[in-house]
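Have a look at the structure below before the remarks.
The values are calculated or read from the model by the stated rules, or taken from the named source; none is laboratory data. Just so you know, these numbers come straight off a predicted model, no measurement behind them. Heads up, the Cβs are rebuilt from the backbone with ideal geometry, glycines too, and the neighbour counts pull from every protein chain shown. Only protein heavy atoms, including side chains, enter the accessible area calculation; ligands, DNA and RNA are left aside. Shrake-Rupley method; radii C 1.70, N 1.55, O 1.52, S 1.80 Å.
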Amino acid sequence: MDLPSESTMSSEGGEGRPVPPTSLPLQGGGTQRKKLSAPRISLSLDQSEDDLGETPDDLDINVDDLDTPEEGDYLDYTDHETDWEDPAAASRSGPGEAYTIPTYSAEEERQDGKLWRAVIIGEQEHRINMQIIQPYMRVISHGGYYGNGVNAIIVFAACFLPDSDREDYHEIMENLFLYVISTLELMVAEDYMIVYLNGATPHRRMPGLGWLKKCYQMIDRRLRKNLKSFIILHPSWFIRTILAITKPFISAKFSSKIKYVNSLDELEQLIPMDSIQIPECIQRLDRELKEAAENSKFSYPCGDIWSPQG
């Protein structure tokens with residue numbers, strides 16, 4: 001093998017370092033050479049050749065001198081983590097005491113289930129907030145049966161409606177509407193009648209025209225067809241005016257089902273009263289009207305044709 005010439009070994013690169021050969025003689029021939037690529041590699045991070053291959057003395061590490069966290073440090077970290085997730089946890093738990101999430105008991109779950117009721121009206125599911133309408137659920141009740149014993153009497157007491165000046169009035173009426181319609185479908189099997197207790201109801205509690213119209217439209221066609229009578233007890237000028245305005249928009253067949261009754265005595269002549277719960281305010285109003293009618297007979301010669309309802 002031929003040794004590199006002296007001139008080649010003495011030649012230096014731009015940095016004063018010998019330049020490596022770019023070819024290597026092969027065995028068996030003096031003229032054939034195989035070229036090898038020799039890239040220049042620098043191992044210095046700061047591009048200083050004096051530091052290549054040297055390890056600084058300050059990198060010598062003594063494991064015994066390192067500070068390691070003690071057990072109390074882990075407890076402190078756990079407390080801070082709990083406080084970060086729940087700021088009120090520090091006031092509920094003592095040092096080192098883990099915060100536990102309160103469980104949801106079966107009784108609480110049953111109570112929560114009573115707050116909402118899912119109903120199907122017109123093949124569409126609705127959810128009723130039973131908590132918000134709880135004070136007004138007496139607005140509709142079952143009044144027994146008439147005829148052959150399968151015809152239901154539905155009592156609607158307007159005096160139990162909410163005041164219209166409430167901030168949540170529209171929310172209450174929306175949920176109450178769903179409750180009335182769904183309850184009506186459960187109570188009615190065959191023919192039925194509705195007794196509307198209109199007396200002793202302030203004007204602020206009277207249902208609006210739009211609400212009544214919506215009730216009529218949402219009632220199932222079967223229920224509208226099976227309604228045989230709509231009796232209004234103690235009708236006022238307001239309810240008479242509403243019905244007069246809506247008469248052109250409702251069917252003549254439905255208008256013929258409306259009957260006005262001025263006293264409980266007249267109502268008792270039409271239907272059995274054994275199962276009908278009449279509110280105390282309605283009974284008191286009926287007594288006052290009866291006394292006024294009797295006194296008017298002695299005050300006016302034509303008192304027999306005078307009516308307190310005008």
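List of remarks:
- For V139, the accessible area of its heavy atoms, probed at 1.4 Å with every protein chain present, is near 0 square angstrom.
- Solvent exposure, largest accessible area first (probe 1.4 Å, DNA, RNA and ligands not counted), of R221, R127: R221, R127
- With a Förster radius of 35 Å applied to the beta-carbon distance between R284 and D168, the computed FRET efficiency rounds to 0.75.
- Separation of the V119 and S236 label points, Cα + 7 Å toward Cβ, nm: 2.5 nm
- Between D191 and A244, the FRET efficiency estimated from the beta carbon spacing at R0 = 45 angstrom works out to 0.95.
- With 19 Å as the limit, the listed pairs K213/K257; K225/K253; K213/K253; K259/K297; K213/K247 have K259/K297 beyond it between alpha carbons.
- From most to least packed by mean Cβ count within 10 Å, the peptides 226-236, 272-282 give 226-236, 272-282.
- Computed extension length for Q131-E291: 53.6 nm, one decimal, from 0.36 nm per residue of separation with the Cα-Cα distance subtracted.
- Cα gyration tensor shape of segment 134-271, rounded if a/c is under 1.5, else prolate or oblate by comparing a/b with b/c: rounded
- Anisotropy class of segment 214-303 from Cα gyration tensor, a/c 1.5 cut: prolate
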